[in-house]
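Here's the structure we're looking at; comments come further down.
The values are calculated or read from the model by the stated rules, or taken from the named source; none is laboratory data. Treat the numbers as computed from the prediction; the structure is a model and nothing was measured. So basically every Cβ, Gly included, is an ideal-geometry build from the backbone, and we count neighbours across all protein chains shown.
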Amino acid sequence: MSDRRRFEGRSVFITGAGSGIGEATAHAFAEEGAKVTIAELDPAKGEAVRDAIRAKGGTAIFVATDATDEASVKAAIAAANEAHGPIAHAFNNIGMSRPGSIEEMSLEDWNWTIGISLTSTFLAMKYEIPVMKANGGGTIVNTASMAARLYTPSAPCSYAAAKAGVIHLSHHASCAYADDNIRVNAVLPGLTATPQIASMFTAEEQAEIAGENQVIRRAVDPREIANAVLFLSSDDASMITGRGIEVSGGRRHAS
């Protein structure tokens, strides 16, 4: 367990918390005293993370959530508020894509990716922000991607566009709600060693991609993303808002 308790007793809401970056961040918040709501589509994954947090003495609930469905998101946030008190910190961490170039991608696949990787962030913020406004403020961190800033051959056009949208949505919200004491930032992971990436690339391929694109020649560990999320959510970052923070091992090409 961490010897820091920056989030003692605070209610934290995390989408996509069943694996990878979301799972690592859920554990990190719980280790610092937060009451964590795991909003996850897959019950087996969500329950496993909840149980693992509780086994270490942390506080967590799981709420089955379809992040692309407005009613589901609204209900999940209501459940978090009821269980742990008004949400003080949110980490919106949904992102998936279907392959295809601009010429080849179907409209269905484009819309599917935009829905999961951008609209999900909008829906979460739509219901997180009123809670924070009514309770003196809060923080939101959204997961974008380095593919939003730099051409990444492995990232489909729809995913790059969606995550660029996440960056600009985050900046817009940071300006619109600053007077409500709500800070909004984004994290931009580079190649990260998540189960999703492992399903796409072998360990050797991951190392090769990292070596080609980054000055630190390895994939990012999900916990390294979590560390950035917790910093941006904490009072230590009280004057940081509207930023997109790269956690990418130092991409070689300037953005």
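Out of all the residues in the stretch 152-209, which are under 27 Å from Glu104 (Cβ atoms), small (Gly, Ala, Ser) and part of a helix (DSSP H, G or I)?
Ser158, Ala160, Ala161, Ala162, Ala164, Gly165, Ala198, Ser199 - these are the residues of the stretch 152-209 that are under 27 Å from Glu104 (Cβ atoms), small (Gly, Ala, Ser) and part of a helix (DSSP H, G or I).
Quick one: in the stretch 216-226, of everything that is crowded, with 16+ Cβ neighbours inside 10 Å and in contact (Cβ under 8 Å) with a residue 40 or more places away in the chain, which residue is nearest to Arg10 (Cα to Cα)?
Here the answer is Ala226.
May I ask you to verify whether Met200 is under 18 Å from Ile21 (Cβ atoms) and loosely packed, with under 13 Cβ neighbours inside 10 Å?
Yes: the conditions hold for Met200.
From the residues in the stretch 151-197 that are in contact with a strand residue (DSSP E or B) (Cβ under 8 Å, 6 or more places away or on another chain) and at pLDDT below 90, which one is surrounded by the most Cβ atoms within 10 Å (Cβ to Cβ)?
Here the answer is Leu191.
Cβ-Cβ distance below 6 Å, separation of 6 or more or different chains: which pairs start in the stretch 4-25 with a residue that is over 13 Å from Gly58 (Cα atoms) and end on one that is polar (S, T, N, Q) and surrounded by fewer than 23 Cβ atoms within 10 Å (Cβ to Cβ)?
If the second residue must be polar (S, T, N, Q) and surrounded by fewer than 23 Cβ atoms within 10 Å (Cβ to Cβ), the pairs left are Arg6/Ser234; Gly20/Thr194.
Which numbered condition in (1) touching a residue at least 40 places away in the same chain (Cβ under 8 Å); (2) out of contact with any Pro (no Cβ under 7 Å at 6 or more places or on another chain); (3) over 28 Å from Asp235 (Cα atoms) is the only one that Val141 fails?
That leaves (3) as the condition not met.
For residues in the stretch 57-71 being within 19 Å of the chain's Cα centre (by Cα) and of a type in the set (Ser, Thr, Tyr), which is surrounded by the most Cβ atoms within 10 Å (Cβ to Cβ)?
Selected residue: Thr65.
Results for (1) buried (at least 17 other Cβ atoms within 10 Å of the Cβ); (2) modelled with pLDDT under 95, shown as yes or no for each residue.
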position	(1), (2)
Met1	no, yes
Ile14	yes, no
Thr25	yes, no
Ala44	no, no
Ala55	no, no
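Tell me yes or no: at least one residue of the stretch 114-123 is of a type in the set (Gly, Ala, Ser) and either buried (at least 24 other Cβ atoms within 10 Å of the Cβ) or in a strand (DSSP E or B) (or both).
Yes, because at least one residue in the stretch 114-123 is of a type in the set (Gly, Ala, Ser) and either buried (at least 24 other Cβ atoms within 10 Å of the Cβ) or in a strand (DSSP E or B) (or both).
Name, by its number, the condition in (1) closer than 29 Å to Glu246 by Cβ; (2) in contact (Cβ under 8 Å) with a residue 60 or more places away in the chain; (3) out of contact with any helix residue (DSSP H, G or I) (no Cβ under 8 Å at 6 or more places or on another chain) that does not hold for Thr119.
Exception for Thr119: condition (2).
Within the stretch 40-48, identify whether any single residue is on the phi < 0 side of the Ramachandran plot, part of a strand (DSSP E or B) and touching a strand residue (DSSP E or B) at 6+ places or on another chain (Cβ under 7 Å), and answer yes or no.
The answer is yes, given that some residue of the stretch 40-48 is on the phi < 0 side of the Ramachandran plot, part of a strand (DSSP E or B) and touching a strand residue (DSSP E or B) at 6+ places or on another chain (Cβ under 7 Å).
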